[in-house]
1. Checking Leu77 against (1) touching a helix residue (DSSP H, G or I) at 6+ places or on another chain (Cβ under 9 Å); (2) more than 18 Å from Val30 (Cβ to Cβ), only one condition comes out false. Which one?
2. From the residues in the stretch 122-160 that are among the acidic types (Asp, Glu) and closer than 18 Å to Asp105 by Cα, which one is surrounded by the fewest Cβ atoms within 10 Å (Cβ to Cβ)?
3. If you take the residues in the stretch 250-262 that are in contact (Cβ under 8 Å) with a residue 60 or more places away in the chain and either over 19 Å from Phe279 (Cβ atoms) or in the same structural domain as Leu94 (by TED's automatic domain parsing) (or both), which one is surrounded by the most Cβ atoms within 10 Å (Cβ to Cβ)?
4. Among the residues of the stretch 53-106, count how many are part of a loop (DSSP other than H, G, I, E, B) and touching a Lys or Arg at 6+ places or on another chain (Cβ under 8 Å).
5. Would you mind finding the one in Leu231, Leu241 that is touching a Lys or Arg at 6+ places or on another chain (Cβ under 7 Å) and under 22 Å from Ile188 (Cβ atoms)?
6. Can Gln49 be described as in contact with a Leu (Cβ under 8 Å, 6 or more places away or on another chain), in a helix (DSSP H, G or I) and either surrounded by 14 or more Cβ atoms within 10 Å (Cβ to Cβ) or not polar (S, T, N, Q) (or both)?
7. Which residue out of Asp161, Asp134, Asp199 is touching a residue at least 12 places away in the same chain (Cβ under 8 Å) and out of contact with any helix residue (DSSP H, G or I) (no Cβ under 7 Å at 6 or more places or on another chain)?
Amino acid sequence: MTVERIGVVGCGQMGGGIAQVCALAEYPVVVMEQTPDLLHRGLARIDAQLGRDVEKGKLSADQRQAAMARISGTTDLSSLSECDLVVEAVVENLDEKRRIFAALDRIVKPDAILASNTSSVCIMEIAAATERRDRVAGMHFFNPVPVMPVVEVVKTIVTSDDAIDQICAVADKLHKTVVLAKDTPGFIVNLLLVPYLLDAIRALEGGVASRDDIDTAMKLGCGLPMGPLTLADFIGLDTLLYIGDVLLNEFHQEKYAAPPLLRRMVIAGMVGRKSGKGFYEYTR
């Protein structure tokens, strides 16, 4: 089997970005959202992003039109039945992911591959909801998907080599560099990144330095494109808290424990850029 048609579950920031890069790589894409309103907003976001690329000279108007023509939207999961690869990009919640994978397992072709864009959840726990555990893997893109050049491909203890080869072939066509990771919480990037971000919040909470000085020190001192508190806002403080809790539950190491400040900010709805306020304030 070769992947010729791709499905994406979720048309939010991540799912929409995945659909966009797949369409630009000339794959027919079916993207599914829960409601017509969410679907409309997701497709409009993709079209707007492609429009900005046209304005910057990265795409022609014809390429934009062709990419949008390759994307079909639906609110019915069964519309993904003919897809060879389905990438799930919904909320970081194991129960919800297992529900979606169980449903997809009944809908898609027997040899189709199911992949999760999760940044932290154990892939084997998701795969266990299906009868095709050898055809389930992780395919973790980074935000913003059209810009970030890497994808973590995660193989469980039962994922077949063929499934991994097919996913890697798709990633190559999307012009993404593949890094292969074991099915351990956080995979590569978040396993290393999350403790750094949590330590930055602890430094702020403990009065080591101001918000701006922490970010400036790490940007200029380590040559990073953005400071840790800015990055935490960009990722989403709720997502960071969730990943930290997953890692803490798995490894029981203090470095993964969320600082009280982070948990209080999430409870207060101050989750970063997407809510308009986190460590910084944003115009929505």
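1. (2)
2. Of all residues in the stretch 122-160, those among the acidic types (Asp, Glu) come to 125, 131, 134, 152.
Subsequent filtering for residues that are closer than 18 Å to Asp105 by Cα retains 125, 131, 134.
Details: Glu125: 14, Glu131: 10, Asp134: 15.
Ranking the candidates gives Glu131 first.
3. The selected residue is Tyr256.
4. Qualifying residue count, the stretch 53-106: 5.
5. Details: Leu231 fails: touching a Lys or Arg at 6+ places or on another chain (Cβ under 7 Å).
None of the other options fit; the residue is Leu241.
6. no
7. Details: Asp161 fails: touching a residue at least 12 places away in the same chain (Cβ under 8 Å); Asp134 fails: out of contact with any helix residue (DSSP H, G or I) (no Cβ under 7 Å at 6 or more places or on another chain).
Step by step, each of Asp161, Asp134, Asp199 is checked, and only Asp199 is touching a residue at least 12 places away in the same chain (Cβ under 8 Å) and out of contact with any helix residue (DSSP H, G or I) (no Cβ under 7 Å at 6 or more places or on another chain).
Results for (1) of a type outside the set (A, V, I, L, M); (2) touching a residue at least 60 places away in the same chain (Cβ under 8 Å); (3) in contact with a strand residue (DSSP E or B) (Cβ under 7 Å, 6 or more places away or on another chain); (4) on the phi > 0 side of the Ramachandran plot, shown as yes or no for each residue.
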residue: Lys219; (1), (2), (3), (4): yes, no, no, no
residue: Leu241; (1), (2), (3), (4): no, no, no, no
residue: Arg264; (1), (2), (3), (4): yes, no, no, no
residue: Gly269; (1), (2), (3), (4): yes, no, no, yes
residue: Ser275; (1), (2), (3), (4): yes, no, no, no
residue: Gly278; (1), (2), (3), (4): yes, no, yes, no
residue: Glu281; (1), (2), (3), (4): yes, no, no, no
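The values are calculated or read from the model by the stated rules, or taken from the named source; none is laboratory data. Computed from a predicted structure; not experimentally measured. Virtual Cβ from ideal backbone geometry, glycine too; neighbours counted across all protein chains shown.
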